[in-house]
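First up is the structure itself, then whatever we jot down about it.
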Amino acid sequence: MIKAILVFNNHGKPRLSKFYQFYPEDMQQQIIRETFQLVSKRDDNVCNFLEGGSLIGGSDYKLIYRHYATLYFVFCVDSSESELGILDLIQAQSILNELKMGGMVLETNMSEIITQTGLVNKLEKQEAGLSAAPARAVSAVKNMNIPQQIKDMKLPDLPSISTLKF
């Protein structure tokens, strides 16, 4: 069962919050802050599932999220939900965002929506490649065997000091 759906920006400002269980307004705000702190501190290349925060059920619930550009889509679910199914649902939500913005319908042409969604996916893959670049650079430097390259370096013969004129 889905307990809550939260969408917030990179700064933690809620863009959408839907709770399927009653929480007072101040508790909802605390849940949003805690969820943002849990999700935003994770690297982009780690798993998109984690235990729910202490305010929204702890280890009995899971937070399943995706980070798209400037938005985090987070579903809080219990153990009866499929993590991969929820990730598919989040993908559908991002497609809906290609249709509408700010309460207005932007696009209804399905081929254009698919094209734009493909471009977003391509951009995400490029960004994922960039986030792995530092690790690849460190690996490349380790594989260079610099001490051996220094030993193998051929330097030109330098004139001796006695032949130099001052």
Search result, residues across the range 80-96 that are modelled with pLDDT under 65 and open to solvent by less than 50 Å² (accessible area, probe 1.4 Å):
Ser94
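Which of the residues belonging to the range 1-26 are of a type in the set (Lys, Arg) and surrounded by 15 or more Cβ atoms within 10 Å (Cβ to Cβ)? Write out each step before concluding.
Filtering the range 1-26 for residues of a type in the set (Lys, Arg) gives 3, 13, 15, 18.
Selection gives Lys3 alone.
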Specify which of the listed residues (Lys62, Lys41) is at pLDDT 85 or above and loosely packed, with under 11 Cβ neighbours inside 10 Å.
Lys41
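Matching residues to (1) at pLDDT 65 or above; (2) β-branched (Val, Ile, Thr); (3) exposed (fewer than 11 other Cβ atoms within 10 Å of the Cβ):
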site: Val74; (1), (2), (3): yes, yes, no
site: Asp78; (1), (2), (3): yes, no, no
site: Glu98; (1), (2), (3): no, no, no
site: Gly102; (1), (2), (3): no, no, yes
site: Thr108; (1), (2), (3): yes, yes, yes
site: Glu112; (1), (2), (3): yes, no, no
site: Leu123; (1), (2), (3): yes, no, no
site: Glu127; (1), (2), (3): yes, no, no
site: Arg136; (1), (2), (3): no, no, yes
How many residues, within the range 27-38, are out of contact with any helix residue (DSSP H, G or I) (no Cβ under 6 Å at 6 or more places or on another chain) and either open to solvent by 100 Å² or more (accessible area, probe 1.4 Å) or under 19 Å from Met1 (Cα atoms) (or both)?
5
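The values are calculated or read from the model by the stated rules, or taken from the named source; none is laboratory data. Keep in mind that this is a model prediction, so the values were computed, not measured. We place every Cβ from the backbone using ideal geometry, glycine too, and count neighbours over all the protein chains shown. For the accessible areas, the whole protein counts, side chains as well, though only heavy atoms, and no ligand, DNA or RNA atoms are used. Shrake-Rupley method; radii C 1.70, N 1.55, O 1.52, S 1.80 Å.
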